[in-house]
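**Q** Below is one structure. I have some questions about it.
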Amino acid sequence: FRVISHGLEGGIDPLWSPQGDWILLQVHPRGAGHLAMIRPDGSEEARLTREEGSFFPAWSPQGDRILFMRTATAPGKTRLCMIDLTLRKEFQVTPETLVCSVDTCCPVWSPGGDRMAFGAKEEDAVKGGRLGIWSAEVLT
């Protein structure tokens, strides 16, 4: 056994990339949640998110995108986001009317990488919202 994540403070919950060339980590410096990647031999590290509150990542089957939950500064405004590793760009996936929670979100990819599923609550001022599992096509 040997430590490979010396530079990634508080790295937890490792996830191998589908190709096995990266390990995705949740990094918690000073209690803030960020996402980072490290090579299996520890030779290279890459921080993926800059904003705090990035949790529950999931690799796409092709290893080119990562879904994750991002907590917001406003209570109850957690959103599902995606990082495109080719573009090195982050996108918000869920519309403003869907709110993910720590208990329910945990995104997953379909085996083909063309769909995602996640838990969320639909915000509705009249009906009070509806909790459920949501599925959506992933646009490329």
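**Q** Any chance you could count how many residues in the range 98-133 are at pLDDT 75 or above, open to solvent by less than 60 Å² (accessible area, probe 1.4 Å) and assigned to a strand (DSSP E or B)?
**A** 7
**Q** Could you grab the pairs with beta carbons closer than 9 Å, sequence gap of 6+ or different chains, first residue in the range 26-39 and surrounded by 20 or more Cβ atoms within 10 Å (Cβ to Cβ), second one among the acidic types (D, E) and at pLDDT below 80?
**A** V27/E9; G33/E52; H34/E51; H34/E52
The values are calculated or read from the model by the stated rules, or taken from the named source; none is laboratory data. Treat the numbers as computed from the prediction; the structure is a model and nothing was measured. Note that we place each Cβ from the backbone using ideal geometry, even for glycine, and neighbour counts take in every protein chain shown. Only protein heavy atoms, including side chains, enter the accessible area calculation; ligands, DNA and RNA are left aside. Shrake-Rupley method; radii C 1.70, N 1.55, O 1.52, S 1.80 Å.
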